[in-house]
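Here the structure comes first, spelled out in structure tokens, and everything after it is commentary.
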Amino acid sequence: MTYKRTEMVLAGQSKAQIEEGIKAFAKKELPALEPGAFTYMMSKEAYLTDSDGHNMAHLMFYTPLMDSAVWGAGVDKSPVMLNPQFAREGIDVFMVLTGMWSDGTLAPVNN
Amino acid sequence: MVATIMAAKGEVVNGRAFTAVAALMFVVIPAFGVALPSRAQDDKTLYPRMAPIEQYMMDRNAEIALARSAAPEAISRDAEVLVLGRHGYETAVKGKNGFVCVVERSWMAPFDDPEFLNPDQRLPLCLNPPAARSHLLLTFKTTDLALAGLSKTQMFDSIKSAFDKKEMPLPEPGAMCYMMSKQQYFGRKYGNADPHLMFWFPKTDNMFWGAGLPGSPVYVHQYSPEPITEFIISVSKWSDGTAAPTD
């Protein structure tokens, strides 16, 4: 997904073209999600959003699309959030806040 | 029990207690049945047999509250709540969201854990629906064996046999639980430990997750004899939203 999206962006495609391209890619070429697929996102230097804070230390777990309530995501005081960024690819991303950057220093956690 | 827990809290010097638990599990579990570290050998006779059942029991309302404290209220208020009876777990509160909150006892600790059968240990957790359909059956099975007065060896053999015969289910995809109670008590050595989430998988040797490495919030525990791998993710807040120790 990372390669495909990057390739289309660098090719100068429009947002609509990228969305269509991703849909087709997800249907035909994207390999099946492996159980336990996950990533670390604990860099203090990351810039995730223009919103306040810009960044958040977390882990991301990739699952097939499911009801976010199954993981208790997005409710008050839960460290789990559902990120819908790959919904078009048929993948849910559950984010778990770690409260710590990769260098071991404390990260803000605002539920 | 509250007094016991509070007294034990005083023994917790910092939030690395859970790290120590996980590290100990990581070292000890693969060694089960081969050779235990000397410290475990020294400690393993601390609780050689079940204490009288009363020592594992709790006031019903206190147990319900403790079970619910494992997860944020937004999850636990609609969860089913189980309490320990003399013959096993009973439903105290029916749920609406598929989560099940329960206070596990020390017979759910690894068999070679020095705190195994410690009557003071209280391990509240709220299991999500896939875990409630699969992993919770292990809690029921192990509890039945403990309450029946079986020895540790008999319990180990019975559980191994149940998995070998496929009478016990493996964790369903997405099985996980919340373990974020400020009142959780792992025993006199590790106290309240850290708030964390746990994810269960059928036993895997090829899923690394960076567990146990310096600075990683991820720990791994290979069950034995159960063919289950548990990943533990430390989080920074208790279920009530207050900050957990961080040093």
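Can you name the residue in the stretch A:4-30 that is in a loop (DSSP other than H, G, I, E, B) and surrounded by fewer than 13 Cβ atoms within 10 Å (Cβ to Cβ) and, of all such residues, is nearest to the other protein chains (Cβ to nearest Cβ)? Please lay out each step first, then the result.
Residues of the stretch A:4-30 in a loop (DSSP other than H, G, I, E, B): A:11-14, A:29-30.
Keeping just the survivors that are surrounded by fewer than 13 Cβ atoms within 10 Å (Cβ to Cβ) gives A:11-12, A:14, A:29.
Working: A:Ala11: 34, A:Gly12: 36, A:Ser14: 36, A:Glu29: 23 Å.
Only one residue fits best here, namely A:Glu29.
Which ones in the stretch A:9-35 are within 30 Å of B:Val220 (Cβ to Cβ) and touching a residue at least 12 places away in the same chain (Cβ under 8 Å)?
Passing the criteria: A:Leu30, A:Leu33.
Looking across the stretch B:183-215 at every residue that is at positive phi and either crowded, with 16+ Cβ neighbours inside 10 Å or in contact (Cβ under 8 Å) with a residue 12 or more places away in the chain (or both), the one that is farthest from the other protein chains (Cβ to nearest Cβ) is identified as B:Gly187.
Do any residues in the stretch B:143-158 that are under 19 Å from B:Glu54 (Cα atoms) have Cβ atoms under 7 Å from those of residues that are of a type in the set (S, T, N, Q), where the two are at least six apart or on different chains, and which pairs are they? From the stretch B:143-158, the pairs are B:Leu145/B:Ser158; B:Leu150/B:Ser158. Annotation: of all residues in the stretch B:111-138 being buried (at least 22 other Cβ atoms within 10 Å of the Cβ) and among the polar types (S, T, N, Q), the one that is nearest to B:Gly191 (Cα to Cα) is B:Gln121.
Considering only residues in the stretch B:216-234 that are under 29 Å from B:Ser161 (Cα atoms) and of a type in the set (Ser, Thr, Tyr), the one that is nearest to the other protein chains (Cβ to nearest Cβ) turns out to be B:Thr229.
Here's a check for you: in the stretch A:31-45, which residue that is loosely packed, with under 15 Cβ neighbours inside 10 Å and assigned to a loop (DSSP other than H, G, I, E, B) is nearest to the other protein chains (Cβ to nearest Cβ)?
Just the residues of the stretch A:31-45 that are loosely packed, with under 15 Cβ neighbours inside 10 Å, to begin with: A:31-32, A:34-35, A:37, A:39, A:43-45.
Cutting the leftovers down to assigned to a loop (DSSP other than H, G, I, E, B) gives us A:31-32, A:34-35, A:37, A:43-45.
Details: A:Pro31: 16, A:Ala32: 13, A:Glu34: 9, A:Pro35: 7, A:Ala37: 9, A:Ser43: 12, A:Lys44: 12, A:Glu45: 16 Å.
Among those residues, the one meeting the criterion is A:Pro35.
Number of residues in the stretch B:216-239 that are under 21 Å from A:Thr39 (Cα atoms), more than 16 Å from the chain's Cα centre (by Cα) and surrounded by 24 or more Cβ atoms within 10 Å (Cβ to Cβ): the value is 2. Filtered by the rule that a residue be surrounded by 20 or more Cβ atoms within 10 Å (Cβ to Cβ), of a type in the set (A, V, I, L, M, F, W, C) and not in a strand (DSSP E or B), the stretch A:57-74 gives A:Ala57, A:Val70, A:Trp71, A:Ala73. Candidates are the residues of the stretch B:124-152 that are in contact with a Ser or Thr (Cβ under 6 Å, 6 or more places away or on another chain) and more than 14 Å from every other protein chain (Cβ to nearest Cβ); the one that is farthest from A:Gly72 (Cα to Cα) is B:Leu145.
Can you find a residue that is outside any helix (DSSP H, G or I), aromatic (Phe, Trp, Tyr) and surrounded by fewer than 17 Cβ atoms within 10 Å (Cβ to Cβ) anywhere in the stretch A:99-107?
No, the stretch A:99-107 has no match at all.
With the structure loaded, tell me whether B:Ser106 is over 23 Å from A:Gly72 (Cβ atoms) and either touching a helix residue (DSSP H, G or I) at 6+ places or on another chain (Cβ under 9 Å) or of a type outside the set (A, V, I, L, M) (or both) or whether it fails that test. Taking the combined requirement at face value, the residue satisfies it.
Looking across the stretch B:55-108, the residues that are assigned to a strand (DSSP E or B), in contact (Cβ under 8 Å) with a residue 12 or more places away in the chain and not charged (D, E, K, R) come down to B:Val81, B:Leu82, B:Val83, B:Leu84, B:Gly88, B:Tyr89, B:Ala92, B:Val93, B:Val100, B:Cys101, B:Val102, B:Val103.
The numbers here are math on the coordinates, done by the rules we state, and not lab data. Note that this is a predicted model, so its numbers are computed, not measured. Reconstructed Cβ throughout: ideal geometry from the backbone, glycine too, with neighbour counts over all protein chains shown.
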